[in-house]
Amino acid sequence: MTIKQIRNIAIIAHVDHGKTTMVDQLLRQSGTFAEHEKVVDTVMDNNAIEKERGITILAKNCAVTWEGTHINIVDTPGHADFGGEVERALSMVDGVVLLIDAQEGPMPQTRFVTKKALALGLKPILVVNKVDKPGARPDFVVNAAFDLFDKLGATDEQLDFPVVYASGINGWSSLVEGPPNEQWGPDMSALFNTVLKHVPAQKGDPDAPLQLQISALDFSTFVGRIGVGRISQGTIKPMMDVVVMEGPDGKPVKGRINQVLTFQGLERVQATEAGPGEIVLINGIEGVGIGVTITDPVTPSPLPMLKVDEPTLTMNFCVNTSPLAGREGKYVT
């Protein structure tokens, strides 16, 4: 696999704007699932609380192949409460697909995630979803998105964003706004092709010293802690000697990679090697944590540690307006 055959994107949206349903369609139409497989809805929301509430809490990865290009997709949370998950996910991608409901338009938490994406210099692709809903306002959404980007300090290049009109639940998309029976595409090819055209390919050198920053963690009862991250440069292989560093000022800690896995659909498959641009999972290194750099032991080149927003707590202090205010009770309950 050459570097130019990889694209890394994150899908960001407000809660219930159809993000996880859209990912379902991308997985189906890319041929990820065999014809005999039974596919459940919202396959990316596999956490018990996520399925119960119908929201995305944890950033998750999957991958599809379209016209020979490997596309890594990161499904990010839409809640501002999970800001740390959002920031770590955006550090692994080169472009974002901003999904907005055709009726509701940009919402507060759309603003929160979009601000972080624009600050990282990521170019957005606007997808106006649910255009087949009664009361859909595609023109309003496009104009509102432009105004939002402008208020958030987007560059001229970021303001020149492509627009895709889609219906995630019905599985079609188009570059042209129009009646469903005439202008709409029969599948998601318009969105796929827009991603290939506008999301930059990787430019890292596969022969340079290894540089892999861990952006997320997982755990397996068989191999222990698993680090997930994107390779910026170099090549990684199983049983390879590396050092782990917490930023440029960190102390190198020696380690050895046990397994290297990549994403294929929703599955994790073992790889003999992986190069720049690939999002990989590694295990075998004790104490691997968020933000550390896995790098070459001879010529280490660590990246700065990831910066994540501090947790916030909102409190309201109100006057007690209860009819029992100021009275003492006989029983303390």
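As an exercise, use a Förster radius of 25 Å and the Cβ-Cβ distance of residue 197 and residue 65 to find the FRET efficiency, rounded to the nearest 0.05.
About 0.90, to the nearest 0.05.
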Per the rule of 0.36 nm per residue minus the C-alpha distance, extending residue 273 to residue 318 adds in nm 10.3 nm
Residue span residue 150 to residue 119: 0.36 nm per residue of separation minus Cα-Cα distance leaves a gain in nm of 9.9 nm
Low-density loop chymotrypsin sites (Phe, Trp or Tyr not before Pro), segment 208-263, at most 13 other Cβ within 10 Å, DSSP non-H/G/I/E/B, are 222
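The numbers here are math on the coordinates, done by the rules we state, and not lab data. All values reported here derive from a predicted model rather than from experimental measurement. Because the Cβ atoms are built from the backbone with ideal geometry, glycine has one as well, and the counts that use them run over all protein chains shown.
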